[in-house]
Amino acid sequence: MSVHCCAPAFDTHHARYRRVLWVALGANLAMFFVELSASAYSGSSSLAADALDFLGDSANYAASLGAIALGGLWASRVALVKGVAMFCFGVGVLGYASWRALLGVPPEPITMGVVALAALGVNFGVAALLFRFRKGDANMRSVWLCTRNDVIANIAVIAAAVGVFGTGSLWPDFAVAVALAALGVTSGGAVIAHARVELSPSRRAWPTGDASASGTRPVR
């Protein structure tokens, strides 16, 4: 029997979390298409990186919904996969930004700034909804980190748009894209480390202090 069996407070907590994930999934899918179109129009590598991030987050929220349904060790396994995806996303952004820099064409800053500002509003709203779940398991932590990173990324893209507008250079856009890559790599590493701890043999046997204290061994 699970340590959470017949615990209405736990069920209510996860029901709220599922509802927030569904809202986040819809918002991120919509913003992916908006930013992808804006990136193609403006030629911004940082905006393209943010668009790909919205797509990755959509998969992240969908995977999290699946992990909640499956429960047990699957939540930690999903978190591990998402951590690897975040890490790879960072590497991919770095490559894309380098290619755009080689082209030598600065992006159109007005479109960058307006779309990044809209994206900031969406991500800030999602982050506010997820704030109460930020100290949950590795799966919840990975979702919170992704959303927090998105808010930081949007602010950075807005700063890049201002920089491009003021200098007429592509380098502010390039610098932000590289920063987003570094953020994805470090956050992915943190999620991987957290998930590996949860998947360790000792944690599989006794994942929480409450379970140990109660003498109830959760079924996985």
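Observations, loosely collected:
- Rounded accessible area per residue of region 45-191, 1.4 Å, Å²: 41 Å²
- Probe 1.4 Å - accessible area at residue 147, Å² to nearest ten: 0 Å²
- Inter-label distance for residue 196 and residue 23, nm, one decimal - labels placed 7 Å from Cα along Cα-to-Cβ: 3.5 nm
- Across the options 122, 79, 107, the greatest Cα extent toward the positive end of the charge dipole of region 45-196 (unit charges at beta carbon of Lys, Arg, Asp, Glu) belongs to 79.
- Using a probe radius of 1.4 angstrom, the carbon and sulfur fraction of the accessible surface of region 26-121 is 79%.
- Region 17-130, Rg to Rh (Cα coordinates; Rh as Kirkwood inverse mean 1/r): 1.03
The values are calculated or read from the model by the stated rules, or taken from the named source; none is laboratory data. From a predicted model like this one, the values you see are computed outputs, not experimental measurements. Methodologically, a virtual Cβ is constructed for each residue, glycine included, from the backbone with ideal geometry; neighbour enumeration extends over all protein chains shown. Surface areas here come from the heavy atoms of the whole protein model, side chains and all, with no ligands, DNA or RNA. Shrake-Rupley method; radii C 1.70, N 1.55, O 1.52, S 1.80 Å.
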